[in-house]
């Protein structure tokens, strides 16, 4: 049964742990990964842990594709059949993917209201917005109130990602050779962030060692937060659970967040960020 007759739909880049998806009855439309000419639905046909092991050895770099409008339409129709009278859709940043356009196209072919929100983010930058949406719905908020709550979360949200290598960010593109040369010579560990005003990715910092890079990830992320207010923080990892746990312990000891989530990054995002990447996503409540 759809709670409050408002269905919530998102895409597979949200990276919320399965128990949250189940608890809040969130419907997920998967993106697609193609590996060695075989297509896999993100989060359905391919375990993230298995994917990252394959990613290291695959000779041909995997590719990704957005859901088709029909995939969203099926999700809309299923939600309606289950009793939904309205639908809220939250997608990966429109600056990163055409997923939102597919959601919009599908909305023209369903006869209940569909509100589409551009998260201007991905991974738990999207996930935190989905959680805020679901919790506001369950508290009895109306659609316009829910949208305002989600917008407020996004305005305070920060997402920083540490890449273990440049190789996967550029692999398959015109700069692939140059990126490999730079990484081999300098051994840099780049840190990037998502700009939640534009939905695009920006460079933050580079480090020469992983230990230093993780310390810098933590310090640059924390500087963005108002630590005098309640914090919700997520640690994401690309099959680097021990580093994620260590970082989470530091977060608990020093920041004492009211909510902390550890999750593995979905394969469709890992295609671009590569094995051993680690990220912090969260916000200060106002």
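Data table
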| quantity | calculated |
| --- | --- |
| Average Cα contact separation per residue, the range 157-284, under 8 Å, 6 or more apart, as relative contact order % | 35 |
| Cα gyration tensor, the range 157-284 - rounded (a/c under 1.5), prolate or oblate | prolate |
| Peptides 258-269, 18-29 ordered by average Cβ neighbours within 10 Å, highest first | 258-269, 18-29 |
| Using alpha-carbon coordinates, inclination of helix 48-57 to the longest axis of the chain, degrees | 40 |
| Cα gyration tensor category, rounded, prolate or oblate, for the range 193-257 with a/c compared to 1.5 | oblate |
| Label-point separation in nm, residue 135 to residue 36, each point 7 Å along Cα→Cβ | 4.3 |
| Per-residue [θ]222 nm for the chain (sum of -39500 (n - 2.57) over DSSP H runs n ≥ 4, rounded to 500) | -12500 deg cm²/dmol |
| Angle in degrees between helix 143-155 and the longest Cα principal axis of the chain, rounded to the nearest 10 | 10 |
| Cα long-axis angle, helix 210-223 against the chain (0 to 90 degrees, to the nearest 10) | 40 |
| Cα-based shape type of the chain, given that a ≥ b ≥ c are square roots of the gyration tensor eigenvalues and the cut on a/c is 1.5 | oblate |
| Whole-Å distance, taken between Cα centres, linking the range 1-54 and the range 234-283 | 18 |
| Ascending count of other beta-carbon atoms within 10 Å, so fewest first, for 53, 120, 104 | 53, 104, 120 |
| Antiparallel content of DSSP bridges confined to the chain, in %, to 5 | 60 |
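Just so you know, all these numbers are worked out from the coordinates, no wet-lab data involved. These figures come from a predicted structure and were not determined experimentally. Neighbour counts run over all protein chains shown; Cβ positions are idealised from the backbone, glycine included.
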